[in-house]
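Note sheet for the following structure.
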Amino acid sequence: MPKCLSDAAVRNAIAKTKPYKLSDGDGLFLLVTPSGSKYWRLKYFFAGKEKLLALGVYPDVTLADARERRAQARKVLAAGNDPGEAKREAKRLLIEKHTHTFEAVTREWHQNRLAKWTPLYAKKTLKRLETHVFPKLGTRPIADITTHELLSVMRRIEEHSADLAHRQLQICGQIFSYAVITQRATNNPTTSLRGALKPVVKSNHAYIKPNELREYLEKLEA
């Protein structure tokens with residue numbers, strides 16, 4: 001059985017004319033290249049085939065880190081899954097998550113609605129989102145946005161206009177619904193905010209009926 005590595009052995013491993021390996025046992029080894037770079041690798045078997053899993057680069061990934069990653073990979077393997085495939089899927093999901101930001105999904109949603117809107121309404125809708133919502137939530141993965149975060153943004157808008165806050169919350173509800181339908185989010189946080197904003201107070205304005213206008217103007221002239 002190979003002797004386990006030590007921190008000193010890893011640290012002092014020098015480059016040679018050809019790549020070579022320093023084994024830590026249970027499939028884990030350090031690959032030392034002629035340039036002096038040191039890569040952690042894990043050799044394992046899945047479905048009868050030998051495979052290699054990259055575990056990081058020394059010294060960013062220490063010996064202890066590499067052993068922990070080996071243990072995690074072995075757990076995945078013990079569960080009947082391929083650690084390499086699991087790593088690739090996790091990376092794909094991470095990239096996808098940070099690609100599907102609130103702003104990116106919103107602009108896609110907005111583009112899909114253009115045929116149903118007038119140019120003026122489409123421009124006004126996007127401008128309000130750019131002004132009031134994007135600065136706080138634009139770069140956030142839409143799937144990670146919480147009810148609390150959204151409420152905080154709506155409260156800021158509410159300080160200037162309760163009516164605008166209600167309108168923006170309604171628009172955000174449509175955006176999150178679109179994200180759920182297109183599988184970029186799992187829930188719509190706006191559904192929990194019903195009744196959370198201050199009600200809009202509508203003012204009653206005096207008006208004159210058409211058949212009363214002539215009499216009013218005559219009295220006004222007198």
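Highest GNM mean-square fluctuation, the chain, Cα pairs closer than 10 Å: which of TRP109, TRP117, TRP40?
Most flexible of the set in this elastic network: TRP117.
Given +1 on the Cβ of Lys and Arg, -1 on the Cβ of Asp and Glu, and no further charges, what dipole in debye does the stretch 73-222 carry about its Cα centre, rounded to the nearest 20?
Result for the stretch 73-222 is approximately 440 debye, rounded to the nearest 20.
Which listed residue (LEU53, GLN72, ILE157) has the Cα farthest towards the positive end of the charge dipole for the chain, taking +1 on Lys and Arg C-beta and -1 on Asp and Glu C-beta about the Cα centre?
LEU53
What shape does the chain have by the C-alpha gyration tensor, where a ≥ b ≥ c are the square roots of the eigenvalues, rounded means a/c under 1.5, and otherwise prolate means a/b greater than b/c and oblate the rest?
It is prolate, given that a/c is not under 1.5 and a/b is the larger ratio.
Given a Förster distance of 22 Å, report the FRET efficiency between ALA78 and LEU22 from their Cβ-Cβ distance, rounded to the nearest 0.05.
It comes out at approximately 0.30.
Hey, can you find the accessible area per residue of the stretch 78-185 for me, probe 1.4 Å, expressed in square angstrom?
60
Have a look at LYS123, LYS18, LYS97 and tell me which one the Gaussian network model of the chain (Cα, springs below 10 Å) gives the largest fluctuation.
LYS18
Tell me the carbon and sulfur percent of the accessible area for the chain, rounded to whole percent, probe radius 1.4 Å.
54
Could you compute how much accessible surface THR186 exposes when probed at 1.4 Å, giving the result in Å² to the nearest 10?
130
Pulled fully out, how much extra length does the chain show between HIS98 and LYS198, if you take 0.36 nm times their separation in residues and subtract their Cα-Cα distance?
Residue separation times 0.36 nm, minus the Cα-Cα distance, leaves 32.7 nm.
Classify the stretch 49-97 as rounded, prolate or oblate from the Cα gyration tensor: take a ≥ b ≥ c as the square roots of its eigenvalues, call it rounded if a/c is under 1.5, otherwise prolate when a/b beats b/c and oblate if not.
oblate
Most mobile of LYS127, LYS16, LYS198 per a Gaussian network model of the chain (Cα springs, under 10 Å)?
Answer for the Gaussian network model of the chain: LYS16.
Can you list the trypsin sites (Lys or Arg not before Pro) in the stretch 134-170 that are in a DSSP coil and have 16 or fewer other beta carbons within 10 angstrom?
Filter output for the stretch 134-170: empty list.
With n ≥ 4 as the cut-off for DSSP H runs, can you work out [θ] at 222 nm for the chain, using -39500 (n - 2.57) per run divided by the number of residues, rounded to the nearest 500?
-15500 deg cm²/dmol
The values are calculated or read from the model by the stated rules, or taken from the named source; none is laboratory data. Here the structure is a predicted model, which means the values were calculated and not measured. Note: ideal-geometry Cβ built from the backbone for every residue, glycine included; neighbour counts use all protein chains shown. Please note that ligands, DNA and RNA were not included when accessible areas were found on the heavy atoms of the full protein model with its side chains. Shrake-Rupley method; radii C 1.70, N 1.55, O 1.52, S 1.80 Å.
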